[in-house]
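Below is one structure; the comments refer to it alone.
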Amino acid sequence: MLRCGLACERCRWILPLLLLSAIAFDIIALAGRGWLQSNDHGQTSSLWWKCLGEGGGSGSYEEGCQSLMEYAWGRAAAAMLFCGFIILVICFVLSFFALCGPQMLVFLRVIGGLLALAAVFQIISLVIYPVKYTQTFNLHLNPAVTYIFNWAYGFGWAATIILIGCAFFFCCLPNYEDDLLGNAKPRGVVKVWSSSSQILINFSLYACLLHLYVTGALPALPLEVKHATHGGQKELEQTGIAKSLQFITIMRGLHKVH
């Protein structure tokens with residue numbers, strides 16, 4: 001995502017789209033009643049209600065359901081998840097302003113910090129709920145019935161994972177301000193490719209010379225030198241090719257000895 005966002009200005013809007021998907025997942029988690037369900041469908045629970053009976057209930061006292069808001073842990077879990085959702089919505093709105101111009105890029109790290117805080121709130125909620133629910137209603141006492149944390153609970157974790165990833169990216173993006181604004185010059189791939197090609201060409205050339213000198217197919221050539229003036233005195237400096245020829249000559253001599 002970073003690579004795409006840095007290569008194309010339009011691709012930076014992937015982050016707000018990810019935040020929008022996290023908002024949708026949180027809404028499903030808050031409104032859905034599939035947080036916990038028994039394998040015989042005799043009990044269905046949401047973040048707010050615990051319903052008994054065949055197929056569970058819709059979430060009301062008339063249906064014979066029990067409100068989880070009667071428990072302190074139920075209120076805490078709902079409050080934490082709802083606070084995380086509110087912070088997420090605020091960050092979603094701020095992200096559009098932060099990515100619109102260079103003067104607003106300072107808000108990117110603020111958004112990243114808020115998203116990290118929202119992720120912490122949601123993690124606390126998603127941990128409190130199963131632990132306290134199991135302890136309060138003694139789900140482990142009946143081994144014949146299996147209780148499964150269902151799809152709505154999974155959507156809560158999906159939103160939290162997106163929050164963690166987006167928090168990391170928003171905190172890192174200010175380091176690539178030029179790339180985000182489209183002011184950065186092309187770099188990286190072309191230079192690496194040209195350097196690699198030059199290395200391969202030089203290596204192939206030296207390998208051919210080594211083979212020709214060692215086998216005697218190419219006669220010995222005088223070493224190439226160049227003159228350089230330094231401090232009024234002439235100094236002879238051997239070029240890279242001359243040094244290579246020296247090495248090849250030594251190898252040829254060793255070959256003849258053997």
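Taken together, the values in this text are just the output of simple stated rules run on the coordinates, not laboratory data. What you see is a predicted model; the values in this text were computed from it and never measured. In this analysis, Cβ positions are derived from the backbone assuming ideal geometry, glycine residues included, and neighbour counts consider all displayed protein chains.
What the table below lists for this structure:
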read-out	value
Those residues of region 90-108 which are in a helix (DSSP H, G or I) and buried (at least 17 other Cβ atoms within 10 Å of the Cβ), in sequence order	Cys91, Phe92, Leu94, Ser95, Ala98, Phe107, Leu108
Residue within region 129-144 that is crowded, with 17+ Cβ neighbours inside 10 Å, without any contact (Cβ under 8 Å) to a residue 40 or more places away in the chain and under 30 Å from the mean Cα position of the chain (by Cα) present	no
Identity of the residue in region 145-179, without any contact (Cβ under 8 Å) to a residue 24 or more places away in the chain and under 21 Å from Leu47 (Cβ atoms), that ends up nearest to the chain's Cα centre (by Cα)	Ile161
